[in-house]
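Presented below is the structure to which this report refers.
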Amino acid sequence: WTNTKLILYRQLIDVPYLNKNDSRMVPNTFEAYRLKGSVEDRPLVGHVEYEVGYIDRIKLRDSDKFVSMSEAAGATNISSRGLVSAGILIQPVTNYTIGAINHFVDDVFNTFYTESNYTRSLTDEIEMRFDLQFTHQMSVGDDALPGSSFDTWGRGGRVAASWKGLTLNGALSKIDDEARLQNPYGSYPGYVSLMQSDFKLANQEAWLVGTSYDFSGIGLKGLSAFMNYAQGRNAQTAAGDDLPDQDEFNITADYQVKRGLLRNFWFRVRWSHLDVSGNSDDREELRVILNYELPLL
C-alpha cells in the first residue's frame, strides 16, 4: 500500500457528482473525513486508486453557511444526514482506465457512477480516445425528497480524435424516462453538458459535436480555444408532459501567461447561446474570468 492519506474536516473534493462546481469562481466546500490512496503494479489490475469517506456538510458556492448533505439535496422532515462515499479507479494498462464511485445519503437518495476511458495512437501525431459512462440514481429509505420516489439512469458515450493541436469530438447521451438526474453536490459529469444546459432531463436524448485548438503549435504560446454545439430532444417532466427541445452553442477562449512578471495569469472568455424551441425563453451568457496563482513560498 502506498500514498495513503487521511484528509479531515474542511476541504475541496473533485469527483463525479461531488465536486467544486466552480464555474462561477466560488467553489463548493465540504466538511468531510476521507481516506484515499493508491497501490502500484498489482497483478491483473496494475495501478489502483481508491477512496472512502463520510461527507458531513457542504457550503454551496452561492451560500455563506454549511448545511447537511440531506438539506442541500432538498430533503424535508428528517434530521440531518451525511453522505457516505466509496470509489475505485483501476488502470490495468497505460491506455485504459475504468472507475466507479457511489454516494449514499440515508433516507434521501443513492447515486452510482461508472466510467471507462481508452486511448489509442494511430500514428505518431494522431490519437483516438473513447469514453463510456453510466449513472444509476434512486431514492432510498424514507425518501425525504419532495415528490414521488424515483429510480432512473443515464448513459453516454464520447469519441475524440486529436492531431497536433487540433481535437475533434462527438458525444451522445440518453436519460431514462422516469426522472431527471440530480446533482445537488457539484457539477454534472455528463459528456453532453454545456454552460447553460446539462441535457439530463427525463427521457432526454442529446448529441454534441465540438472542436478545440491549442495555438502553441503556430507560435501563440498559452492561447487555446474550444467550441461545442449540442441538441437535446424528447425531454419530459416527471409526470410525462413534453418539454421544449433545446439547442446550445458555446465558445471559450483561454490565454495563460507562461513566463515573465505575469506568469501564472489566466484570462478566460466564455459565450453561450441557448435556444429553447417553441418559446421566447432563449438565453445568452457572457463570462469573463481572471485567475492569478500567487506563489507564497
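For Phe109, the criteria (1) surrounded by fewer than 17 Cβ atoms within 10 Å (Cβ to Cβ); (2) farther than 30 Å from Phe267 by Cβ hold in every case but one, which is (1). Answer yes or no: is there a residue in the range 18-26 that is modelled with pLDDT of 95 or more, buried (at least 16 other Cβ atoms within 10 Å of the Cβ) and more than 22 Å from the chain's Cα centre (by Cα). Within the range 18-26, none of the residues are modelled with pLDDT of 95 or more, buried (at least 16 other Cβ atoms within 10 Å of the Cβ) and more than 22 Å from the chain's Cα centre (by Cα). From the list Ser173, Ser193, the lone residue that is assigned to a loop (DSSP other than H, G, I, E, B), within 17 Å of the chain's Cα centre (by Cα) and among the polar types (S, T, N, Q) is Ser193. Residue pairs whose Cβ atoms lie under 7 Å apart, sitting 6 or more positions apart in sequence or on different chains, and linking a residue in the range 56-77 that is among the polar types (S, T, N, Q) to a partner that is modelled with pLDDT of 95 or more and in a strand (DSSP E or B), are Ser68/Arg57; Ser70/Val105.
Residues that are open to solvent by 40 Å² or more (accessible area, probe 1.4 Å), in a strand (DSSP E or B) and not aliphatic (A, V, I, L, M) were ranked within the range 248-269; the one that is farthest from Tyr229 (Cα to Cα) is Phe265.
The values are calculated or read from the model by the stated rules, or taken from the named source; none is laboratory data. Here the structure is a predicted model, which is why all the values come from computation and not from measurement. Note: ideal-geometry Cβ built from the backbone for every residue, glycine included; neighbour counts use all protein chains shown. Accessible surface areas use protein heavy atoms only, side chains included; no ligands, DNA or RNA. Shrake-Rupley method; radii C 1.70, N 1.55, O 1.52, S 1.80 Å.
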